Amino acid sequence: YDTNTTTFNGGERTSPRFEASWRVNTSRLVVKNFRAEDEGIYFCVNYITAVLHFSSGQLVFFPGASHENMLHFCCDIVMWLNLACACLLLLTAITITITHHQSKSHPDTLQRFLEPHTTAQTAPPG
């Protein structure tokens, strides 16, 4: 099995605190010197055969820490993401419907649009 390891911080792809590695079916993130600001829900995203695969998320908190607000935040993000995707699909469907309707009611419109605008200039007689 081939194991890939990378470390990253922003665009530099190096960090003394974070290290990611992955194997065939296993991904791992190591957070060194874990701090309170590192608490949260960590997700793994894999790009496999042109499809993004998201993990279900891993809660990482200090023992006894309250993370109830973090769970609500995660649910809110999922809800807003689903709503945004639904709106995008609806907008796409409306655009396709309008375009299709216009092309049926004015079949020459598309042809006129595709033809180059060539207007011959005629010289005045004289």
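If Lys and Arg each add +1 and Asp and Glu each add -1, what is the summed charge of the other residues whose beta carbon sits under 9 Å from the beta carbon of residue 19?
Every neighbour counted, the sum reads +3.
Amide H neighbours of residue 18 under 5 Å, counting only residues 5+ apart in sequence or on other chains, H built in-plane at 1.01 Å?
Amide H neighbours of residue 18, under 5 Å, 5+ apart: 8, 32.
Can you compute 3J(HN,Hα) from phi for each residue in the range 82-90, using the Karplus curve 6.51 cos²θ - 1.76 cosθ + 1.60 with θ = phi - 60°, rounded to whole Hz and x for Gly and Pro?
Rounded to whole hertz, the list is 4, 5, 5, 5, 5, 5, 5, 5, 5.
No value in this document is a laboratory result; all are computed from the given coordinates. What you are looking at is a predicted structure, and each value in this text was computed from that prediction instead of being measured. In this analysis, Cβ positions are derived from the backbone assuming ideal geometry, glycine residues included, and neighbour counts consider all displayed protein chains.
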